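Asks: This is the structure I want to talk about, given as structure tokens.
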Amino acid sequence: MNAEALTAIEKAADAAPIPMALLAELTHRCPLKCPYCSNPLDLIRRSSELSAETWADVFAQAAAMGVLHVHLSGGEPAARRDLPEIVESAVTAGLYTNLITSGVGLTEATFADLVARGLDHVQLSIQGTDATTADRIGGYKGGFDTKMRVAAWIVAAGVPLTVNAVMHRQNLDRLSETIDLAVRLGARRLEVAHTQYHGWAYRNRAALMPTPGQVARSGEIVAEARRRLEGVLAIDYVTPDHLAKYPKPCMGGWGRVGLNVTPSGKVLPCHAAETIPGLVFDTVTERPLAEIWREGAAFTAFRGTGWMQEPCASCPRKAVDWGGCRCQALAWTGDAAATDPACTLSPHNARMRAEATGEAADADEAFAYREM
Ligand code: SF4
Ligand code: FES
């Protein structure tokens, strides 16, 4: 490619594309205390949460910008009594609605109400494949049995179910059972999600980090299950960052595909963006969403490729993975504009691998549970 063509591509990459997805963090309240939670350590209280009316306005603005689907998340979205009203407003805006829930706090009547109002899809989290393990990891007794009941309601209502299993050293040896459980529950899709080390998960890194042996086996288990379960269960799986060759394009690239709105209305390019010092975030109650997306200081900070340092700046993959994850770069290198250390081309990659492998060998399995 000649230099002119490359410059044209880079200029286009720096402009704001049309976003596709909105993550609406309706609340940080949650009955569970998962130590792998990516919510910030400083959780937002109920008194600061946006009203259902404001969420309706946010959804209408998002749809007008070209957003196609909304992920209704938290915390636990069912902790909000006005969840049916919120779902209805997203449906009215013309958005595809995905409820991301632990299932705990959802009653059968509320779930029926959500379906009646047009809920499209549910993503149900599981922490383990038996009550003892799952309830210990989630820090909530009775959670596992509740989830089993909720999964049955979802499937009986004909709503497509995705099971989301966040995996780590303390449950990865049960991956085969996790896949079997997703099939038994009637899920169409299973997300085998290796923990991303943000928020509470970062604090619990040493207790969560999988061993290289566990990760190698999990890749084989998934490959076999994908063949065996073709047409029955789709399985999403990617290698954990520190053992991959190249990083993932976090959020599909900063300010390219999706935006997050926090319970109090701050608009973030990703869930951990507030950890980056110096970034200024706009709020939905103070500025139009389209303007925030297009020219808000936080969104333009790392959009495109202009901000990149070497080795990203001259790398042919820079518009493929967009330099990886800014928050991970900050956490491991102290510089949010550095190449993601998960990249084997990063000068910090060897240290990241060595530290992560050292943590995985740690025998301490005690969690610092998420709490308000
Ligand atoms: Fe991606 Fe940067 Fe690594 Fe190239 S150097 S593969 S752009 S993270
Ligand atoms: Fe912030 Fe990846 S979590 S860029």
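The values are calculated or read from the model by the stated rules, or taken from the named source; none is laboratory data. Because the structure is predicted, anything quoted here is derived from the model rather than measured. Neighbour counts are summed over all protein chains in view; Cβ atoms, including those assigned to glycine, are modelled from backbone coordinates with ideal geometry. Ligands, DNA and RNA are excluded from the accessible area calculation, which covers all protein heavy atoms including side chains. Shrake-Rupley method; radii C 1.70, N 1.55, O 1.52, S 1.80 Å.
Asks: Could you give the semi-axes, largest first, of the ellipsoid that matches the chain, computed as the square roots of 5 times the alpha carbon gyration tensor eigenvalues and rounded to whole Å?
Replies: 31, 28, 19
Asks: Could you count how many Lys pairs in the chain have their Cα atoms under 16 Å apart, skipping same-chain pairs fewer than 8 positions apart? Display every interim value, and only then the final one.
Replies: Working: K11/K318; K33/K141; K33/K147; K245/K318; K248/K318.
Going through the chain pair by pair, I get 5.
Asks: For R46 and D130, compute 0.36 nm times the residue count separating them, minus their Cα-Cα distance, and round to one decimal in nm.
Replies: Numbers: separation 84, 0.36 × 84 = 30.24 nm, distance 3.18 nm.
Stretched out fully, the R46 to D130 stretch lengthens by 27.1 nm.
Asks: Report the far tail of the P(r) of region 220-372, meaning the percent of Cα-Cα pairs longer than 18 Å. Intermediate results must be reported in sequence, preceding the final value.
Replies: Values: 7599 of 11628 pairs.
Pairs farther apart than 18 Å: 65 percent.
Asks: Moving on to the next point. Using a Gaussian network model of the chain whose springs link C-alpha atoms within less than 10 Å, name the residue from Q127, Q170, Q309 with the highest mean-square fluctuation.
Replies: Answer for the Gaussian network model of the chain: Q309.
Asks: Taking region 225-310, which GluC sites (Glu not before Pro) meet the DSSP loop condition and have no more than 16 other C-beta atoms within 10 Å? Working shown, then result.
Replies: On the way: sites: E230, E274, E286, E291, E295; in loops: E230, E286.
For GluC sites (Glu not before Pro) across region 225-310 that sit outside H, G, I, E and B with at most 16 neighbouring Cβ atoms in 10 Å, the list reads E230, E286.
Asks: Please work out the average accessible area per residue across region 42-134, using the 1.4 Å probe convention, and give it in Å².
Replies: Ligands and nucleic acids excluded, the result is 40 Å² per residue.
Asks: On the accessible surface of the chain, probed at 1.4 Å, how many percent belong to carbon and sulfur atoms? Walk me through the intermediate numbers first.
Replies: Details: 8460 of 15620 Å².
Taking all protein chains in place, the chain shows 54 percent carbon and sulfur surface.
Asks: Would you mind classifying region 46-153 by shape? Square roots of the alpha carbon gyration tensor eigenvalues, ordered a ≥ b ≥ c; an a/c under 1.5 is rounded, otherwise it is prolate if a/b is larger than b/c and oblate if not.
Replies: Details: a/c = 2.20, a/b = 1.96, b/c = 1.12.
The shape class here is prolate.
Asks: Skip the ligands, DNA and RNA, and give the accessible area per residue of region 177-309 with a 1.4 Å probe, whole Å². Could you put the intermediate results ahead of the total?
Replies: Values: 5520 Å² over 133 residues.
Result: 41 Å² per residue.
Asks: Still on this structure: At 222 nm, what helix-only mean residue ellipticity would the chain give, in deg cm²/dmol to the nearest 500, using -39500 (n - 2.57) for each DSSP H run of four or more?
Replies: Details: 15 runs with 140 residues, N = 372.
Dividing the helical sum by the residues of the chain leaves -11000 deg cm²/dmol.
Asks: Compute a Gaussian network model of the chain, connecting alpha carbons closer than 10 Å, and tell me which residue from G253, G306, G213 fluctuates the most.
Replies: G213
Asks: How far is the Cα center of region 41-88 from the Cα center of region 159-230, in Å?
Replies: Between the Cα centre of region 41-88 and that of region 159-230, the gap is 28 Å.
Asks: OK, next. Ordering M352, M65 by accessible area with a probe of 1.4 Å, largest first, what comes out?
Replies: On the way: M352 5, M65 30 Å².
Descending order: M65, M352.
Asks: Farthest toward the dipole's positive end in region 121-253, which of L233, M209, V122, given Cβ charges of +1 (Lys, Arg) and -1 (Asp, Glu) about the Cα centre?
Replies: Working it through, the farthest residue towards the positive pole turns out to be M209.
Asks: Here is a follow-up. Gaussian network model of the chain, Cα springs within a sub-10 Å range: biggest mean-square fluctuation belongs to which of T195, T133, T97?
Replies: Per the Cα network of the chain with a 10 Å cutoff, T133 tops the list.
Asks: While we're looking at this one, here's another question. For region 215-306, which trypsin sites (Lys or Arg not before Pro) are in a loop by DSSP, counting at most 13 other Cβ atoms within 10 Å? Walk me through the numbers before you get to the answer.
Replies: Details: sites: R217, R226, R227, R228, K245, R256, K266, R294, R303; in loops: K245, R256, R303.
Sites meeting the loop and neighbour criteria: K245.
Asks: What does the C-alpha gyration tensor say about the overall shape of region 227-266? Classify as rounded when a/c is under 1.5, otherwise prolate if a/b is larger than b/c, or oblate.
Replies: Oblate shape, in that a/c is at least 1.5 and b/c is the bigger or equal ratio.
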